[in-house]
Amino acid sequence: MTKLREIYKCNICGNIVEVLHAGVGELVCCGESMELMEEKTEDSSTEKHVPYVEKTGNGVLVKVGQNEDHPMMDNHFIEWIQVIVDGVSYRKSLKPGDKPQVLFEIKADKVEAREYCNIHGLWKS
Ligand SMILES: [Fe+2]
């Protein structure tokens, strides 16, 4: 049984999927159950992952690492940043070398933000 917007990962091939419509079946990839990625909300280490949301004149800026950027190296980087506003989902994929932040040019009062680190998993604000 899945829930809307859950993120699942295949620990064999690395496929990552988001549930767009919930169903009763179990998600399977490479012959194994996919792992539900928990949305973490608190960093215990010094490296910060919880997305930091800032409203600017141009829209909603989401940063990973408020004072110091999260690494964006080939083997450790933020794969994507997503915001959900009034049920509408916006997401940008990032690659190594990019800055770990995205400016979404939208107006919003209440913003839910999520990001995915290829090593440390899924985080939300
Ligand atoms: Fe990380």
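Looking only at residues that are modelled with pLDDT of 95 or more and assigned to a loop (DSSP other than H, G, I, E, B) in the stretch 75-91, which one is surrounded by the most Cβ atoms within 10 Å (Cβ to Cβ)?
Top of the filtered list is Phe77.
Considering only the stretch 87-102, state which residues are in contact (Cβ under 8 Å) with a residue 24 or more places away in the chain and either within 13 Å of the ligand (Cβ to nearest atom) or over 11 Å from Glu115 (Cβ atoms) (or both).
Within the stretch 87-102, Ser89, Pro96, Gly97, Asp98, Lys99, Pro100 qualify.
Hey, could you check the stretch 65-86 for residues that are within 16 Å of the ligand (Cβ to nearest atom) and among the aliphatic types (A, V, I, L, M) and say which is nearest to Ile106 (Cα to Cα)?
Ile81
Would you tally the residues in the stretch 59-68 being at pLDDT 95 or above and not β-branched (Val, Ile, Thr)?
3
Is it the case that the stretch 32-40 has a residue that's over 14 Å from Ser125 (Cβ atoms), surrounded by 15 or more Cβ atoms within 10 Å (Cβ to Cβ) and in contact with a Gly (Cβ under 7 Å, 6 or more places away or on another chain)?
yes
Only one residue in Val50, Val62 is away from the ligand (no atom under 14 Å from the Cβ) and β-branched (Val, Ile, Thr), so which one is that? Lay out the reasoning, then the answer.
Details: Val50 fails: away from the ligand (no atom under 14 Å from the Cβ).
Just one listed residue meets the conditions, Val62.
Are any of the residues in the stretch 92-102 surrounded by fewer than 16 Cβ atoms within 10 Å (Cβ to Cβ), within 17 Å of the chain's Cα centre (by Cα), of a type outside the set (Val, Ile, Thr) and under 20 Å from Arg5 (Cα atoms)?
Within the stretch 92-102 (the criterion being surrounded by fewer than 16 Cβ atoms within 10 Å (Cβ to Cβ), within 17 Å of the chain's Cα centre (by Cα), of a type outside the set (Val, Ile, Thr) and under 20 Å from Arg5 (Cα atoms)), the answer is yes, since at least one residue qualifies.
Being assigned to a strand (DSSP E or B), surrounded by fewer than 19 Cβ atoms within 10 Å (Cβ to Cβ) and within 16 Å of the ligand (Cβ to nearest atom) is the filter here; which residues of the stretch 103-125 pass it?
Within the stretch 103-125, Gly121, Lys124 meet the criteria.
The values are calculated or read from the model by the stated rules, or taken from the named source; none is laboratory data. Values in this document were obtained by computation on a predicted structure and should not be read as measured data. Quick reminder, even Gly has a Cβ in these numbers, built from the backbone with ideal geometry, and neighbours come from all protein chains shown.
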